[in-house]
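> One structure coming up, written as structure tokens, with questions to follow.
Derivation of every value follows stated rules applied to the coordinates shown; laboratory data play no part. Worth saying up front: this structure is predicted, and the values here are computed from it rather than measured. Glycine gets a Cβ as well: all are built from the backbone with ideal geometry, and neighbour counts include every protein chain shown.
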Amino acid sequence: MNPTTRRRFLGTTALLGAASATGVAGVTTAAAQGRGPADTDAGQLIGPSSVQYEDLSRGVNQRWAGTPDWIRVPRTTGQVVAAVQQAVDSGRRIAVRGGGHCFEDFVSGRDVRAVIDLSALDSVAHDTRLRALAVGAGARLGQVNEQLFKRWGVALPAGSCPTVGVGGHINGGGYGPLNRLHGLTVDHLHAVEVVVVDQSGTARAVVATREKDDPRRDLWWAHTGGGGGNFGVATRYWFRSPGAEGTDAGRLLPAPPKELLVSSVVWPWDALDARSFSRLLRNYSAWHVAHNGANDPESDLYSHLAVFHRSGGAVALNVQLSTQRGNPEQRLGRFLTEVGEGVGVKPKTVGRSRLPWLLSTQWPGFADRPTAKRIKGKSAYHRRAFDERQAAALHQHLTRTDYTHPGSGVLIAPYGGQVNTVAADATALVHRDSALILMYISEWTDPAEDERHIGFLRDLYEEVYAPTGGVPVLDASTGGAYINYPDTDLRDAARNRSRTGWQELYYGGNYPRLQRVKGRWDPRDVFRHALSVEPPAAHGGRP
């Protein structure tokens, strides 16, 4: 494996004008010019001349750099309320940033005039009153993993990229290496604190829980997969698994496996032809379809297949499974044998070790390398194994000679298990019957190559789903798209040639209910972006 492929493989083991001095409501001249946080009631103020401005006006994806009039870094929910009120009173378009990993320009768009950066709201605590573990929306997944485990020996079944922010990750559903065992992150969400804006333009903080008699329960429901930037600013989450009793923090969430067997194997691209590549892809996906049950004895086995352009050198597979179930070496051997059956190419093991759980989570994420990355992402849920045509389309594009870039391809990960035991309407995340989730992605650094790399990813994606209009419609084979990997191409009729709108691809039959929540809690459509939930027709729609 060449250095580029190995770097990406290790990374994916973790798995989107200045204000005038008087133009910022309630802020002194010195603060508006960026010389200091004069108005502490709304959090630290960062203006265009502040030293932090260039960094905080952009996220991980360097395709966009915003030009907001101001950025606030609040430390309390009250300061978030004040910051939102300032933006509303001054008529500024508002956006919220957590970890900054958004694939699209939802926070760094040119029309965004006020940004609220939640990174200072990163506490992790035991709330005895709500009998839940409280996590600030600005915390990162790596920090949450560490705090929950070191202090109480528990874990959230969340993502594995350590720098991803909790705020957006939870809103979109949240999946990761423990989802087959314990479901999605939102399946353990007990309550959420949100700063909302009412019809009069007044900002306030409310807490909504999953309790059946909570009059705000609809707002909690919307945050269980309804996506970020839709209803308000989520400032804090409380987690408690369904059925958890008492106040002992060590019993409020699942305990992770004590130890994992982790293995990495690769198949060199030079040894794979179209037939062997197709067999490998179909074997891998068929295994996960066959072992998709919630009580399957292999539900603790997590893997992902990194299938990138052949210029990267190899197709890579990472696997982890608990050492407390059966004979882990034998189980791993059976899995690798079934994935490799009939491929005709013996994989090369590039790493195998036993790791305690927390150490196993500390891989760098795909977006964590300190380079000026430009990113385009897409997604798909698959209900069935890849068919011959889909595999051939992937092979065709990933072996193209007119395009050579090791940073473009597909990450294929398992879904299902306990995820699929939850009803499609019990949470806002409707995707409850899939076996696999795919992230199509391209990363590069040169702005002059934007069109080339975006064009390649579009060609690849649309060819795989060509029979259904270039998108993974909700049918027997595929099951729509994941809102945490937003892709504005899905609302473009030239790119989405199906009869399925982006709303159904992301939200299925839950979309009308999300619109009703939008109408109640954000009647002025303050929180919006290119793929945000639209106001219901009764409220006049969105201009």
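> Between ASN318, GLY159, GLN199, whose Cα lies farthest towards the positive end of the dipole of the chain when Lys and Arg beta carbons carry +1 and Asp and Glu beta carbons carry -1, centred on the Cα centre?
About the Cα centre, the residue reaching furthest to the positive side is ASN318.
> Let me ask something else about it. Counting other C-beta atoms within 10 Å, which of CYS161, CYS102 has the fewest, and how do the rest follow? If you can, show how the numbers build up before the last one.
Values: CYS161 24, CYS102 27.
The most exposed by this proxy come first: CYS161, CYS102.
> A further question on this structure: Given only helices, namely DSSP H runs of n ≥ 4 each adding -39500 (n - 2.57), what is the per-residue ellipticity at 222 nm of the chain, to the nearest 500 deg cm²/dmol?
Details: 15 runs with 136 residues, N = 543.
Result for the chain, helices only: -7000 deg cm²/dmol.
> Around ARG217, what is the net charge, scoring Lys/Arg as +1 and Asp/Glu as -1 over all other residues with Cβ under 9 Å from its Cβ?
On the way: positive: ARG210, LYS212, ARG216; negative: GLU211, ASP213, ASP214, ASP218.
Local net charge: -1.
> Fewest first, what order do ASP296, ASP522 take by the number of other Cβ atoms within 10 Å? Before the final figure, lay out each step's value.
Working: ASP296 14, ASP522 24.
Lowest count first: ASP296, ASP522.
> Testing the spin-label approximation: label points 7 Å from Cα along Cα→Cβ at GLN62 and THR247. State their distance in nm.
Distance between label points: 5.1 nm.
> Quick one: Cα centre-to-centre distance for segment 273-318 and segment 120-184, in angstrom?
The distance from the Cα centre of segment 273-318 to that of segment 120-184 comes to 27 Å.
> Between beta-carbons, use under 10 Å as the cut-off and find the net charge around VAL265, counting Lys and Arg +1, Asp and Glu -1.
Values: positive: LYS346, LYS348, ARG352; negative: none.
Taking every other residue near VAL265 into account, the sum is +3.
> Among residues other than TYR440 whose Cβ falls under 12 Å from its Cβ, what is the net charge (Lys/Arg +1, Asp/Glu -1)?
On the way: positive: LYS376, LYS378, ARG458; negative: GLU443, ASP459, GLU462, GLU463, ASP487, ASP489.
Combined, the nearby Lys, Arg, Asp and Glu give -3.
> Right, here's the next one. Among LYS258/LYS376; LYS150/LYS376; LYS258/LYS348; LYS376/LYS518, which pairs are too far apart, with a Cα-Cα distance over 32 Å?
Exceeds cut-off: LYS258/LYS376; LYS150/LYS376.
> For segment 219-287, which trypsin sites (Lys or Arg not before Pro) are both in a DSSP coil and crowded by at most 12 other Cβ atoms within 10 Å? It would help to have the intermediate numbers written out before the result.
Numbers: sites: ARG236, ARG240, ARG251, LYS258, ARG275, ARG279, ARG282; in loops: ARG240, LYS258.
Passing both the DSSP loop test and the Cβ count: LYS258.
> Also, I was wondering about something else. At ALA271 and ASN327, where each label point lies 7 Å from the Cα along Cα→Cβ, what is the point-to-point distance in nanometres?
2.5
> Set the Förster radius R0 to 30 Å, insert the Cβ-Cβ distance between THR202 and ASP475 as r into 1/(1 + (r/R0)^6), and round the FRET efficiency to 0.05.
Values: r = 45 Å, r/R0 = 1.49.
Using R0 = 30 Å, I get an efficiency of 0.10.
> While we're looking at this one, here's another question. Among THR76, THR185, what is the fewest-to-most ranking by other Cβ atoms within 10 Å?
Values: THR76 14, THR185 29.
The most exposed by this proxy come first: THR76, THR185.
> More than 20 angstrom separation, counting every C-alpha pair in segment 124-251; what % is that? It would help to have the intermediate numbers written out before the result.
On the way: 3219 of 8128 pairs.
Tail fraction, whole percent: 40.
> Still on this structure, I have one more. If you take the Cα Rg of segment 392-537 and divide it by 2.2 N^0.38 Å, with N the number of residues, what do you get?
1.16
> While we're here: How large is the convex hull of the Cα atoms of segment 259-506 per residue, expressed in Å³ as a whole number? Walk me through the numbers before you get to the answer.
Values: hull volume 33.2 nm³, N = 248.
Output value, Cα hull per residue: 134 Å³.
> Over segment 43-194, what per residue volume does the convex hull of the Cα atoms give, in whole Å³?
On the way: hull volume 17.6 nm³, N = 152.
Taking the convex hull of the Cα positions in segment 43-194, it is 116 Å³ per residue.
> Then there is this: So what are the three principal axis dimensions of the chain from its Cα atoms, in whole Å, longest to shortest?
70, 57, 44
> A further question follows. As a test, work out the antiparallel percent of DSSP beta bridges whose residues both lie in the chain, rounded to the nearest 5. Could you put the intermediate results ahead of the total?
Details: 69 of 76 bridges.
Around 90 percent of the beta bridges assigned by DSSP in the chain are antiparallel ones.
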